[in-house]
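See structure below.
The values are calculated or read from the model by the stated rules, or taken from the named source; none is laboratory data. These numbers come from a predicted model, not from an experiment. Counting neighbours? That spans all protein chains shown, and the Cβs are built from the backbone with ideal geometry, glycine included. Ligands, DNA and RNA are excluded from the accessible area calculation, which covers all protein heavy atoms including side chains. Shrake-Rupley method; radii C 1.70, N 1.55, O 1.52, S 1.80 Å.
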Amino acid sequence: MSRQSFKVCFCFRRIFKLSVLEPPEDVKILFNQYSQNGTMSLDNLRGFLVEFQGEYSATRDDAQAIFNSLKHLNIFSRRGLHLEAFFRYLLGDLNGPLSPSRVHHDMTQPLAHYFLYTGHNSYLTGNQLSSKSSVQPIIKALRRGVRVIELDLWPGSKKDEVEVRHGGTLTNPVDLLQCLNAIKDNAFQASEYPVVITFEDHLPANLQDQVAEMVTKTFGDMLYRPETDQLREFPSPESLKKKVMISTKPPKEYLETRSSRFTKRSKISSKKEQWNGETASKSDNETRDKDEVDEGESLQEEDEETTVPEYRHLISINAGKPKGALKNWLSIDENKVRRLSLSEQELENATRRHGADIVRFTQRNLLRVYPKGTRITSSNYNPFVGWAHGAQMVAFNMQGYGKYLWVMQGMFKANGGCGYVKKPDFLLSNEVFDPSVRLPVKKILKVKIYMGEGWDLDFRRTHFDMYSPPDFFVKVGIAGVPADKAMHKTKAIEDDWQPVWNEKFEFELTVPELAVLRITVLEYDTSGKHDFGGQTCLPISELRTGIRAIPLHDRRGDKYKNTKLLVQFELN
């Protein structure tokens, strides 16, 4: 062990050890088991991959790739791996915790059979009341793999142009065309699967015509235009590769414009009376502008000449909330599919009595859930309420950070990070799943936290403590359905940049298909305000067993260059 001294106030010295990272005892035992005379051959390594790591399809070529990745190190031997080289492989990039980064789910099913990585108010840079609007959050979201971008459309100050802004707040606007171009240029960098743009539309008919022209010119052949205005079933992500889809509904101002035109047509006077009655009813109920009842669905085809045809033909996912009670919202039409939007509060209230009905609705139709209006700091909510009921578009504020956003990022690391995750079969079964029923334990996950490294390379030496190395501890737990939620923590290791914990935890899972493993490293502070040292979230459905290197990420979800943990997983 080497020693290093720090002067403190020129009065005394604090001496602490800089430990040399050594393999855990379990690693030494495994190396001895799969090596001969202190050397692990190519065939020995393949045996380790198959028998211990659970990589049953591993070949000699896979083992050779590991050998090749270590050849630049002085510790590599042509005859095979010595213990130190084997240890460096375990901590390396080729030994990550998830299945190889490629799409492996069946992508040929209807869109309703998938969870979509979904953003909320995608143009905001910060809080929901006064932050700036910009194309940069849109670009960043798309490059992370987000597949659903939300834009709020409003008339500009002169009423002759369209702008994107959060209406009724102090947030500044951003030009719609800039947003569309940002989407076009970045839509398929992270994933080739379709991008959905949800318009929250507050425009009169003449400005909708402008939007139709801008969208058509911007996206061209990238734009998906269905052959019919009402799809009987959504197409598959596979059939929509490199396509952009528009989802919206007629806005309040647009409907009022259409209503005024009816007065000029005597042959539909009875329909005009019905329309005016519905408008009055909506006013009485103080329906919100955003995600309001889509009354336009009740209009007859003979009146469609009063719409803006080009704008209407842009819409490939029709959105709307039928008039009346919750049972009407969740009504299923065998001849057409649609998108329903509910706030997190509306969904939570609906699940108390209609959980199975929501699951049934989402087997064919799309359900979008969005944050309640009081989340002015751009915080987020528990996504599992939506996911457990089959909601495909659980819309999140991507501007900040926090445990729920980390969980969202973790969930969509699955399926190669393409932004689409196939829903579990039980959410698509004819025997409709009831999320309120507690299920028996299906799997047991065992997690052993060995050690960590890299903080001394990614952080300043005085980042955590001015005069001594940090005191790291790890919180490890499960985010999922209520029965599966759990959290444990290790002891804090004092004064060590390369902490060794060797602690094991066990988690019982009733719905492992929806479970996400949460790992957070903190630096202990006696005040209770522990410093952040990294985090990651991993979908249990794609977790690789064996001893794995776990890269850690910062608060915003960006991966650190060097900081990682060595962890063992067993899944029974």
Tally of residues being touching a strand residue (DSSP E or B) at 6+ places or on another chain (Cβ under 6 Å) and open to solvent by less than 60 Å² (accessible area, probe 1.4 Å) across the range 184-210: 13
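Can you tell me which residues in the range 505-514 are in contact (Cβ under 8 Å) with a residue 60 or more places away in the chain and of a type outside the set (S, T, N, Q)? Quick ask: steps written out before the conclusion?
Residues of the range 505-514 that are in contact (Cβ under 8 Å) with a residue 60 or more places away in the chain, as a first pass: 506-514.
Residues satisfying the conditions are GLU506, PHE507, GLU508, LEU509, VAL511, PRO512, GLU513, LEU514.
The rows are residues; the columns are (1) within 26 Å of PRO440 (Cβ to Cβ); (2) touching a Cys at 6+ places or on another chain (Cβ under 9 Å); (3) among the polar types (S, T, N, Q); (4) crowded, with 21+ Cβ neighbours inside 10 Å.
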| site | (1), (2), (3), (4) |
| --- | --- |
| ALA486 | yes, no, no, no |
| ASN502 | no, no, yes, no |
| PRO512 | yes, no, no, yes |
| LEU517 | yes, yes, no, yes |
| ARG548 | no, no, no, yes |
| ASP558 | no, no, no, no |
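Okay, residues lined up against (1) closer than 30 Å to THR108 by Cβ; (2) at pLDDT 95 or above:
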{"position": "VAL148", "(1), (2)": "yes, yes"}
{"position": "SER157", "(1), (2)": "no, no"}
{"position": "VAL164", "(1), (2)": "no, yes"}
{"position": "THR169", "(1), (2)": "no, no"}
{"position": "LEU177", "(1), (2)": "no, yes"}
{"position": "ALA187", "(1), (2)": "yes, yes"}
{"position": "ALA190", "(1), (2)": "yes, yes"}
{"position": "PRO194", "(1), (2)": "yes, yes"}
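Residues checked against (1) under 28 Å from the mean Cα position of the chain (by Cα); (2) at pLDDT 95 or above; (3) of a type outside the set (A, V, I, L, M):
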residue: GLY477; (1), (2), (3): yes, yes, yes
residue: LYS489; (1), (2), (3): yes, yes, yes
residue: GLU503; (1), (2), (3): no, yes, yes
residue: ARG544; (1), (2), (3): yes, yes, yes
residue: LEU565; (1), (2), (3): yes, yes, no
Leading residue by the ranking (surrounded by the most Cβ atoms within 10 Å (Cβ to Cβ)) among those in the range 519-530 that are touching a Phe, Trp or Tyr at 6+ places or on another chain (Cβ under 9 Å) and either in a strand (DSSP E or B) or of a type in the set (Lys, Arg) (or both): VAL521
Residue check, GLU227 without any contact (Cβ under 8 Å) to a residue 12 or more places away in the chain, assigned to a loop (DSSP other than H, G, I, E, B) and on the phi < 0 side of the Ramachandran plot: yes
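Residue check: is GLY410 of a type in the set (Gly, Ala, Ser), part of a strand (DSSP E or B), closer than 21 Å to PRO97 by Cα and open to solvent by less than 50 Å² (accessible area, probe 1.4 Å)? Full working, then the answer.
Working: of a type in the set (Gly, Ala, Ser): yes; part of a strand (DSSP E or B): no; closer than 21 Å to PRO97 by Cα: yes; open to solvent by less than 50 Å² (accessible area, probe 1.4 Å): yes.
Here the answer is no, as GLY410 does not meet what is asked.
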Contacts under 7 angstrom Cβ, first residue in the range 424-445 being at pLDDT 95 or above, partner of a type in the set (Asp, Glu), 6 or more apart: PRO424/GLU513; VAL441/GLU508; ILE444/GLU506; ILE444/GLU508
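In the range 404-448, what count of residues is obtained for those that are of a type in the set (D, E, K, R) and under 12 Å from the mean Cα position of the chain (by Cα)? Full working, then the answer.
First pass over the range 404-448, keeping only residues of a type in the set (D, E, K, R): 413, 422-423, 425, 431, 434, 438, 442-443, 446, 448.
So of that shortlist, the ones also under 12 Å from the mean Cα position of the chain (by Cα) come out as 413.
The total comes to 1.
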Hey, LYS443 in contact with a His (Cβ under 8 Å, 6 or more places away or on another chain), open to solvent by 10 Å² or more (accessible area, probe 1.4 Å) and within 30 Å of ASP93 (Cβ to Cβ) or not: no
Residues of the range 489-506 satisfying the condition of being under 16 Å from HIS530 (Cα atoms) and either touching a His at 6+ places or on another chain (Cβ under 8 Å) or in a strand (DSSP E or B) (or both): LYS489, ILE493
Candidate set: the range 339-362, residues that are basic (Lys, Arg) and free of Cβ contacts under 8 Å to residues at least 40 places away in the same chain; chosen: the one farthest from PRO383 (Cα to Cα): ARG353
Pairs, first free of Cβ contacts under 8 Å to residues at least 60 places away in the same chain in the range 133-157, second assigned to a helix (DSSP H, G or I) and open to solvent by 30 Å² or more (accessible area, probe 1.4 Å), C-beta under 6 Å, six or more apart: VAL135/GLN178
All positions within the range 36-58 that are in contact with a helix residue (DSSP H, G or I) (Cβ under 9 Å, 6 or more places away or on another chain) and acidic (Asp, Glu): ASP43, GLU55
